[in-house]
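In what follows, a structure is listed as structure tokens, so that the remarks can point back to it.
The values are calculated or read from the model by the stated rules, or taken from the named source; none is laboratory data. Just so it is clear, the structure is predicted and the values come from calculations on it, not from any experiment. For neighbour counting, all protein chains shown are included, and Cβ atoms are generated from backbone atoms with ideal geometry for every residue, glycine included.
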Amino acid sequence: MQFRTLLLLLGAVDHASAFANAFAVSTQAPSSAAASQGTRAGIAPTMATIPVAGFDGAKTGEADVDLKVAKAGAYVVHRKVVAEQANMRLGTAVVKTRAEVRGGGRKPYQQKGTGNARRGSTRSPLIVGGGKCFGPRQKSYHIKMNKKEARLALSTALMSAVPKMTLVSDFEVNFASPKTQDMRSFLERLGVDTKDREGVMMITKERHENTYLSARNIPYLNLRTLDNLNARDILKAKKVVVSESALSVLKERYGA
């Protein structure tokens, strides 16, 4: 299962790199100052459009998305995904060595004359009930990533998700009460079928209690707020639904 997830993420990272390379050549030549600044930052100019839908699922137009994309998109996004997965590890697995296992202070039998191997303790790793040698010890798997690099990786992952992204008007107000059927009907109107294991990521500006309660029991639906975005979920999702208020904040935060 982990190997399949890794292959999926690597494919998505390649897609992000191809998307960044596609936008590396701008149709309009930028100014020399802007070009030099973009070259130093390793950012390619980007512009794309996504469909806009209402709460009823009807298409109402298109919207422009202009976020930063790293020229080395696959490398930056891959670093972000590796850091996210490493930072999820707790590193709390610990086993006891022969020095930490209780007992074993007395020599079990005399050195010579018994015909047995020499033993100085009953807590040797060679004996059942003894300590473990070369076992896991408590450690930190944390990987540090620069803030600007992490933001660039997120914006690159978001731009790679543009072909599968749909912009919806702020739908949180339509969930007056927590009801799973209302959320499922909303997803069906958007063309999402979670029953066939079609993973969808829904991005909102901030947490809305009724929306969260309506979405938590639907499999393959990942509801995220802007303060909890990560590249791994963006790459894994088959479809991405973004609210208008969330997209406006994303443009301010990651705009090119």
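Of everything listed in (1) closer than 19 Å to residue 240 by Cβ; (2) surrounded by 14 or more Cβ atoms within 10 Å (Cβ to Cβ), the single unmet condition for residue 191 is (2).
What number of residues within region 167-180 are in a loop (DSSP other than H, G, I, E, B), in contact (Cβ under 8 Å) with a residue 40 or more places away in the chain and surrounded by 19 or more Cβ atoms within 10 Å (Cβ to Cβ)?
Here the count works out to 1.
Flag not set for residue 169, criterion: assigned by TED's automatic domain parsing to the domain that holds residue 229, more than 22 Å from the chain's Cα centre (by Cα) and under 28 Å from residue 84 (Cα atoms). The condition of being over 30 Å from residue 253 (Cβ atoms) and among the hydrophobic types (A, V, I, L, M, F, W, C) does not hold for residue 175. The residue that is nearest to the chain's Cα centre (by Cα), among those in region 181-206 that are closer than 22 Å to residue 236 by Cβ and assigned to a helix (DSSP H, G or I), is 194.
Of all residues in region 207-240, those that are under 18 Å from the mean Cα position of the chain (by Cα), touching a residue at least 40 places away in the same chain (Cβ under 8 Å) and assigned to a helix (DSSP H, G or I) total 5.
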